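Here the structure is laid out as structure tokens; the discussion comes afterwards.
The values are calculated or read from the model by the stated rules, or taken from the named source; none is laboratory data. The shown structure was predicted, so the numbers you read here are calculated from the model rather than taken from an experiment. Cβ sites come from the backbone with ideal geometry, for glycine too, and all protein chains shown count toward neighbours.
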Amino acid sequence: MEFAWQMGSVAAFSGDAVVAFAFSDKTLDGALKDLDGACGGALARVCGTKAFKGEFEDLFVTPLRGGEQLAILVGLGPRAEVGPFHLRRAAQQGVCKAQGLGSVQVAIAVADQAPSGVEAAAEAALIGGAAGAYQFRRYKSGAAETGVERLTLVTSAAVDAAVQRRAAAIAEGVAIARDLVDTPPNDKTPDLLIKTVEEIAKRSGLACEVISADRLREMGAGGILAVGRGSAHPPAMVVLRHDGGEGPWHGFLGKGITFDSGGLDLKTQDGMFTMKSDMAGTAAVVGAMHAVRRIGVKGRYIGVLALAENMTGAGAYRPSDVLRMLSGDTVEVSNTDAEGRLVLADGLALLRREGVQDVIDLATLTGAIVVALGTHRSGLFTNNEDHASAVLAAGDLAGERYWRMPIDPEHKEALKSSIADTKSTGGRAGGSSTAAAFLARFASDTPWAHLDIAGAAYRDQPEAGPGATGVGVETLVRFATKG
């Protein structure tokens with residue numbers, strides 16, 4: 001998709017559809033006044049009625065210029081409550097609707113009165129609009145459906161070129177992550193996913209190092225090796241680097257289970273069907289590292305992808321196995337379907353060897369977090385309050401919502417093993433917290449934040465179709481850019 005930026009009146013846009021936003025206070029200001037004139041007053045007549053109250057995600061479509069174009073009005077809700085999340089979702093919904101109606105050239109109008117300022121609002125709208133136009137049609141036969149080819153942001157004030165570049169890079173990074181997750185598991189075994197990541201790294205200009213299973217064996221990475229033993233496709237780690245100057249290295253870590261059968265503790269058929277998405281943490285890291293490089297962030301960032309396929313082959317690891325991890329710790333396996341924490345533990349040990357200043361890991365780790373928070377919010381666990389505050393601030397800017405979750409002494413106590421340094425699971429109660437407590441052991445004293453994105457990474461989205469969401473990409477980028 002091509003992105004464009006235009007300053008001036010939205011009424012001058014000559015494409016197929018215009019998406020505009022309205023608050024629930026019934027006021028037509030800025031871009032809406034211009035658009036209302038081209039609609040013959042239709043927007044003024046409908047605002048505040050039962051047809052369009054302006055509540056968050058209300059939607060109204062009307063012809064523009066005698067039917068040559070469409071105007072799509074999306075509600076933002078009360079003016080004082082609007083933030084990045086609302087702008088992204090409204091833009092996503094509006095562009096998705098325009099695309100569904102056959103629009104190829106779409107504009108998004110951002111008024112000066114946007115509460116966050118025109119530049120921040122335009123950036124959020126472009127990222128959300130690009131998400132709304134996303135389609136994954138690689139495996140569809142026949143003629144391709146119409147899709148948005150050009151997305152234009154229309155503002156009444158100039159938007160700095162650096163802001164434009166950052167918005168486009170984030171939109172690209174989110175699309176990369178969604179493509180990776182939506183790809184079926186037969187086409188993204190660890191070896192095939194590595195090839196794809198190498199191609200992305202080459203295009204982006206990232207340094208890319210592959211740590212093979214043989215090398216992992218020499219290093220003593222017993223967690224990821226055990227998880228991958230039941231698959232015909234060996235595990236690996238991939239290390240992506242962006243060296244943007246002097247200073248400490250910051251680490252991003254992604255769980256990359258390319259398909260999760262549950263291993264010998266087999267999942268149900270319903271539970272297994274969406275497990276191509278169990279590498280959404282890795283996908284987010286790849287998308288974020290691409291964006292960080294394209295933006296040219298000043299700083300040093302290393303992204304580690306812990307890749308394995310959890311299958312039931314002859315070599316599969318077993319409940320009650322004891323593994324020696326890359327850190328040197330021993331782990332008693334209590335459930336082979338708790339494999340993500342094992343590959344992440346070795347990834348954390350690798351990043352600590354790299355001497356990173358801090359780490360953010362992303363993982364579709366537990367069903368317990370979905371029960372606790374649903375599908376629109378992710379859990380955040382940490383061993384360092386300052387680091388957690390920085391991640392939460394980045395999430396707020398990204399419009400990606402997180403909720404602080406606890407790691408209490410009781411969660412650590414639940415992991416005690418009689419024959420090893422720790423068990424891999426602590427039972428059903430507080431499952432997301434005991435999983436985080438396990439990871440905290442391997443983060444040790446390195447400032448660490450764990451984002452359990454199991455609910456938010458993959459879901460049915462009425463506003464943009466089912467499948468991958470790309471959650472986490474923008475949070476990592478905002479953390480790296482400090483804004």
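The figures follow:
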| item | result |
| --- | --- |
| Test: residue in region 22-45 that is of a type in the set (S, T, N, Q), within 25 Å of Ala131 (Cβ to Cβ) and in a loop (DSSP other than H, G, I, E, B) | yes |
| Any hit, region 114-134, residues being at pLDDT 90 or above and in contact with a Cys (Cβ under 8 Å, 6 or more places away or on another chain) | yes |
| Criterion (more than 18 Å from the chain's Cα centre (by Cα) and either assigned by TED's automatic domain parsing to the domain that holds Ala308 or without any contact (Cβ under 8 Å) to a residue 12 or more places away in the chain (or both)) met by exactly one of Ala177, Ala221 | Ala221 |
| Which listed residue, of Gly54, Gly67, is at pLDDT 85 or above, small (Gly, Ala, Ser) and assigned to a loop (DSSP other than H, G, I, E, B) | Gly54 |
| Number of the condition not met by Glu145 [criteria: (1) modelled with pLDDT under 90; (2) surrounded by 20 or more Cβ atoms within 10 Å (Cβ to Cβ)] | (2) |
| For Thr258: the one exception among (1) within 20 Å of Ile302 (Cα to Cα); (2) of a type in the set (S, T, N, Q); (3) surrounded by 24 or more Cβ atoms within 10 Å (Cβ to Cβ) | (1) |
| Within region 394-410, tally of residues that are farther than 24 Å from Leu305 by Cβ and touching a Lys or Arg at 6+ places or on another chain (Cβ under 8 Å) | 4 |
| Filter result for Lys188 (free of Cβ contacts under 8 Å to residues at least 40 places away in the same chain and over 30 Å from Met7 (Cα atoms)) | no |
| Single condition Arg150 does not satisfy, out of (1) assigned by TED's automatic domain parsing to the domain that holds Gln93; (2) touching a Ser or Thr at 6+ places or on another chain (Cβ under 8 Å); (3) among the charged types (D, E, K, R) | (2) |
| Residue within region 335-344 that is over 18 Å from the mean Cα position of the chain (by Cα), of a type outside the set (Asp, Glu), farther than 23 Å from Ser433 by Cβ and part of a helix (DSSP H, G or I) present | no |
| Single match in Ala368, Ala283, Ala345, Ala349 (criterion: among the small types (Gly, Ala, Ser), modelled with pLDDT of 95 or more and closer than 26 Å to Asp187 by Cβ) | Ala283 |
| Flag for His242 being more than 23 Å from Ser327 (Cα to Cα) and either in contact (Cβ under 8 Å) with a residue 60 or more places away in the chain or surrounded by 15 or more Cβ atoms within 10 Å (Cβ to Cβ) (or both) | yes |
| Subset of region 371-385 [more than 26 Å from Asp445 (Cα to Cα) and either hydroxyl-bearing (Ser, Thr, Tyr) or crowded, with 20+ Cβ neighbours inside 10 Å (or both)] | Leu373, Thr375 |
| Single match in Leu476, Leu392 (criterion: in contact (Cβ under 8 Å) with a residue 24 or more places away in the chain and under 22 Å from the mean Cα position of the chain (by Cα)) | Leu476 |
| Members of region 406-421 that are surrounded by fewer than 21 Cβ atoms within 10 Å (Cβ to Cβ) and outside any loop (DSSP other than H, G, I, E, B) | Pro409, Glu410, Lys412, Glu413 |
| Checklist (1) assigned to a loop (DSSP other than H, G, I, E, B); (2) under 21 Å from Ser424 (Cβ atoms); (3) touching a helix residue (DSSP H, G or I) at 6+ places or on another chain (Cβ under 8 Å) applied to Val297, failing item | (2) |
| Close pairs (8 angstrom Cβ cut-off, 6 or more residues apart or separate chains): farther than 17 Å from Ala345 by Cβ in region 413-424, surrounded by 12 or more Cβ atoms within 10 Å (Cβ to Cβ) anywhere | Ile419/Val322; Ile419/Glu332 |
